[in-house]
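Below: the structure, in structure tokens.
The values are calculated or read from the model by the stated rules, or taken from the named source; none is laboratory data. Treat the numbers as computed from the prediction; the structure is a model and nothing was measured. Positions of Cβ are generated from backbone atoms using ideal geometry, with glycine treated the same way; all protein chains shown enter the neighbour counts.
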């Protein structure tokens with residue numbers, strides 16, 4: 001698994017999935033934590049007609065659902081994480097943009113795309129402009145929906161590629177940096193996919209004090225992740241993260257954060273949802289064989305509590 005690349009410009013940046021620098025958020029002093037309620041709106045209806053059984057008994061209640069009906073992104077649910085204001089980029093220095101070539105909705109799906117542009121261009125960033133030839137798409141429910149604990153699930157298909165150079169992620173990020181900048185306030189990668197190892201999908205739990213050998217699931221085979229839709233879920237409780245792919249448990253993790261935090265910190269605060277498609281780096285870096293355009297298709301996103 002790639003390690004997460006941190007960057008700093010006068011203050012710590014929030015860092016997202018492996019190799020992706022995420023949008024900065026305010027950093028607060030470490031506190032006692034404690035459970036924080038959902039910031040979305042709870043529905044009286046089940047998500048997609050489903051109310052899965054909780055690990056502790058009973059059934060979940062729907063708190064968020066998007067089936068991507070229509071022809072445009074629902075801005076009451078999502079926002080675009082553009083580099084020009086967020087500073088978000090990738091290990092490949094992709095420029096995150098709001099463009100229909102990179103994020104579009106059609107056929108009951110949202111399509112998140114990374115692409116090589118015809119000519120190099122200057123990508124604007126609050127942390128320093130840079131020249132690149134690649135754009136990428138990422139959207140998040142930041143500011144619209146966040147939740148601590150529950151079941152978070154995505155039905156998605158990753159790019160159809162088996163050569164290195166592409167990286168996709170369905171992940172969760174803290175709404176506030178209650179315990180400090182990344183990784184102190186945590187990150188949950190529900191499903192992270194690398195085209196250089198296309199037959200597996202990786203779940204991870206990132207926090208200060210983690211052992212990467214224990215906090216990432218290395219044995220979650222999904223041989224058709226790039227050709228068929230699959231369901232990727234995490235059941236998040238105060239004591240354990242349970243990752244289920246197509247309903248089957250493939251990895252679980254209980255965390256012990258570095259002092260002065262005590263479990264369930266930092267995973268006792270609301271996290272928002274993020275969908276990302278980028279070009280890869282390090283062992284999964286772009287090669288001459290990497291596709292010039294790559295898309296992750298997401299059929300739906302559902303959250304229960």
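On the given criteria, is residue 125 crowded, with 16+ Cβ neighbours inside 10 Å, modelled with pLDDT of 95 or more and part of a loop (DSSP other than H, G, I, E, B)? Talk me through it step by step, then tell me what you get.
Values: crowded, with 16+ Cβ neighbours inside 10 Å: yes; modelled with pLDDT of 95 or more: yes; part of a loop (DSSP other than H, G, I, E, B): yes.
It is true that residue 125 is crowded, with 16+ Cβ neighbours inside 10 Å, modelled with pLDDT of 95 or more and part of a loop (DSSP other than H, G, I, E, B).
Going through the stretch 254-278 one residue at a time, which ones are buried (at least 20 other Cβ atoms within 10 Å of the Cβ) and farther than 30 Å from residue 83 by Cα?
Within the stretch 254-278, 255, 257, 261, 264 qualify.
Could we say that residue 63 is in a strand (DSSP E or B) and either more than 17 Å from residue 134 (Cα to Cα) or free of Cβ contacts under 8 Å to residues at least 12 places away in the same chain (or both) here? Can you show your working first?
Numbers: in a strand (DSSP E or B): yes; either more than 17 Å from residue 134 (Cα to Cα) or free of Cβ contacts under 8 Å to residues at least 12 places away in the same chain (or both): yes.
Yes.
Just to verify a result, which residue in the stretch 56-91, among those that are buried (at least 17 other Cβ atoms within 10 Å of the Cβ) and at pLDDT below 95, is nearest to residue 124 (Cα to Cα)?
Taking the candidates together, the pick is 87.
Among 115, 5, which is touching a strand residue (DSSP E or B) at 6+ places or on another chain (Cβ under 8 Å), modelled with pLDDT of 95 or more and closer than 30 Å to residue 166 by Cα? Steps first, answer last, please.
On the way: 5 fails: modelled with pLDDT of 95 or more.
Every option except 115 fails the conditions.
Taking the stretch 74-91, which residues are assigned to a loop (DSSP other than H, G, I, E, B), more than 17 Å from the chain's Cα centre (by Cα) and in contact (Cβ under 8 Å) with a residue 24 or more places away in the chain? Before the answer, list the steps.
From the stretch 74-91, those assigned to a loop (DSSP other than H, G, I, E, B) are 74-78, 81-82, 87-88, 91; that's our starting set.
Going one step further and asking which of them are more than 17 Å from the chain's Cα centre (by Cα), we end up with 74-76.
Once the filter is applied, which keeps residues that are assigned to a loop (DSSP other than H, G, I, E, B), more than 17 Å from the chain's Cα centre (by Cα) and in contact (Cβ under 8 Å) with a residue 24 or more places away in the chain, the stretch 74-91 yields only 76.
So which residues in the stretch 154-164 are surrounded by fewer than 24 Cβ atoms within 10 Å (Cβ to Cβ) and touching a strand residue (DSSP E or B) at 6+ places or on another chain (Cβ under 6 Å), if there are any at all? Explain how you work it out, then say what you get.
If we filter the stretch 154-164 for residues that are surrounded by fewer than 24 Cβ atoms within 10 Å (Cβ to Cβ), which is where we start, we get 154-155, 157, 160-164.
Hits for the stretch 154-164 are 154, 155, 157.
Looking at (1) surrounded by fewer than 16 Cβ atoms within 10 Å (Cβ to Cβ); (2) at pLDDT below 50, find the lone condition where residue 27 falls short.
(1)
Hey, does the stretch 174-181 have a residue that's more than 18 Å from residue 295 (Cα to Cα) and within 15 Å of the chain's Cα centre (by Cα)? Spell out the reasoning first.
Taking the stretch 174-181 and keeping what is more than 18 Å from residue 295 (Cα to Cα), we get 174-181.
Subsequent filtering for residues that are within 15 Å of the chain's Cα centre (by Cα) retains 174-175.
Yes - at least one qualifying residue is present in the stretch 174-181.
If I filter the stretch 134-142 for residues that are closer than 26 Å to residue 66 by Cβ, surrounded by fewer than 22 Cβ atoms within 10 Å (Cβ to Cβ) and touching a strand residue (DSSP E or B) at 6+ places or on another chain (Cβ under 8 Å), do I get at least one hit? Quick ask: steps written out before the conclusion?
Of the residues in the stretch 134-142, the ones closer than 26 Å to residue 66 by Cβ are 135-142.
Filter once more, keeping what is surrounded by fewer than 22 Cβ atoms within 10 Å (Cβ to Cβ): 142.
If we keep only those that are touching a strand residue (DSSP E or B) at 6+ places or on another chain (Cβ under 8 Å) too, we end up with 142.
Yes: one or more hits.
For (1) free of Cβ contacts under 8 Å to residues at least 12 places away in the same chain; (2) within 16 Å of the chain's Cα centre (by Cα); (3) closer than 21 Å to residue 277 by Cα, each residue gets a yes or a no:
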| residue | (1), (2), (3) |
| --- | --- |
| 164 | no, no, yes |
| 186 | no, yes, yes |
| 193 | no, yes, yes |
| 198 | no, no, yes |
| 203 | no, yes, yes |
| 238 | no, no, no |
| 250 | no, no, no |
| 254 | no, no, no |
